[in-house]
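Asker: I'd like to ask you about the structure that follows.
Please treat every number below as a calculation from the coordinates, not as lab data. Computed from a predicted model, the values in this text were never measured in an experiment. Glycine also receives a Cβ, built like all others from the backbone with ideal geometry; neighbour counts cover every protein chain displayed.
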Amino acid sequence: MTRFKRRKIAGAVKCMILMLVPFCTAGIAKSIPVIKSAVDRMGSISVGGTEEEAVQKSYVIPHENASEDILDGKIILSEGYGISAEEFPYEVGLQSPLDMASDNPGDKPYPEEDEWAADGVPVVRTTYGEYSGTTYFNLSDGGQVNNKTSLSNESLIEESRRLPDFTISDTNEPQVLIYHTHTTESFEPYVRDNLDAGFNYRTTDETKNMIMVGNAIQAELEAQGIGVIHVTEIHDYPSYNGSYGRSRESIVPILEQYPTIKVALDIHRDAISNSDFAAQPYIEIDGKEAAQIMIISGCDDGTLDMPNYMKNFHFACSLQQQFENDYSGFTRPILFDYRHYNQDLTTGSLLIEVGSHGNTLEQVQYSGQLIGRSLSNLLNRIKE
């Protein structure tokens, strides 16, 4: 069913409802429990797809044996793809990470409230603005690039004007893959003056690490009708070394199984600090504090086996400009450097640093929501 047909049907339904309102007033009180039940189920209602298959799907890959189990059918992908915001606009409400409790926090739980110390380096709250210097250049529609390669700024400015080299379509299949090479990266519990010197800001508690941020991105994408697979497998614990190899093993079978996936985002956090301070890069957006973010787009010097790296750069520049159009000041400059980061796997593969370890859980969760909203805006803009 096309969006046009769905809009016509939605309009007809609305008209019918308005005509029936005068006749239904007397029954409102009796209907409250039914209405409440329907509202509670909104997250699992789907709109779109074919006439034969109206149920669309979201996909969350659990921790263990994810790559194998999804392919052999052991995992049943959860339903609840999302409601098209074009027809049913609504705010995605998320529980505060501070109020979330994990059923299984793992071997390295997040500290309890009474376990936090403030004996580490000072936390410096800062908002990064426009950068200057020969490696930086401005994008035509907002945002900047930090060019750490031998390619000229002039040539990259020309490349930055190109749209992504892929499109998405109306489909029941997933089109975005979210994963976390450094899954256990974590954050401050709330705004404080100093870090905890005894905590290395890593946890296996999925409500307090990068999985929580990925969940926020996923929720916003699904609210816009975009199918997502979110890999929640931990790749950097107990061993940090080899985490990129392990994340690659998780996502390659999924990409092979779902060729509809055009975007693969590795969601991390930064660590902006030295021996004297830890930064908390933030910006206020619509009355709430969000952690500033940074896109990393890898370049190939001939040794990294990434022949399509420039296509990722096109996507990075389009997404950066979308972020800045939607939320001015949200981003730090794109880092364009000789990095691999598994970005050879699609032409929409990027790494996004969401804040730093000095940021708070609520700041980065909100940033995840903003990432999901802007990415949805961009993808819907380039839809076939």
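Asker: Tell me, in nm to one decimal, what length is gained between Asn380 and Asn172 on full extension, where the rule is 0.36 nm per residue of separation less the Cα-Cα distance?
Answerer: The span from Asn380 to Asn172 would gain 73.4 nm if fully extended.
Asker: Right, here's the next one. For Ser140 and Asp119, compute 0.36 nm times the residue count separating them, minus their Cα-Cα distance, and round to one decimal in nm.
Answerer: In short, 3.1 nm is gained.
Asker: Sketch the reach of a paramagnetic label on Asp301 as a point 7 Å from Cα along Cα-to-Cβ, and name the residues of the range 135-179 whose backbone nitrogen lies under 14 Å away.
Answerer: Taking a point 7 Å out along Cα→Cβ of Asp301, the residues of the range 135-179 whose backbone N falls under 14 Å are 148-151.
Asker: So, R0 is 30 Å and r is the distance between the beta-carbons of Ala197 and Leu151; what FRET efficiency does that work out to, to 0.05?
Answerer: 0.15
Asker: Right, here's the next one. Highest mean first, what order results for 363-370, 104-111 on Cβ atoms within 10 Å?
Answerer: Going by the mean number of other Cβ atoms within 10 Å, highest first, we get 363-370, 104-111.
Asker: Here's a follow-up. Under the rule a/c < 1.5 gives rounded, and otherwise a/b versus b/c splits prolate from oblate, where does the range 270-325 land using the Cα gyration tensor?
Answerer: The shape class here is oblate.
Asker: In the range 125-254, with Lys and Arg counted as +1 and Asp and Glu as -1 at Cβ, which of these residues, Ser247, Ala197, Thr134, has the Cα nearest the positive end of the dipole, that is, farthest along it?
Answerer: Highest projection toward the positive end goes to Ala197.
Asker: Over all directions, what mean area does the Cα convex hull of the range 136-176 project, stated in square nanometres?
Answerer: Mean shadow area of the hull around the Cα atoms is 4.2 nm².
Asker: With a/c under 1.5 counting as rounded, go ahead and sort the range 254-384 into rounded, prolate or oblate using the C-alpha gyration tensor (a ≥ b ≥ c being the square roots of the eigenvalues; past the cut-off, prolate if a/b is larger than b/c, else oblate).
Answerer: oblate
Asker: Rounded to whole Å and ordered largest first, report the semi-axes of the equivalent ellipsoid of the range 113-249 derived from its Cα gyration tensor (root of 5λ).
Answerer: Semi-axes, largest first: 32, 26, 16 Å.
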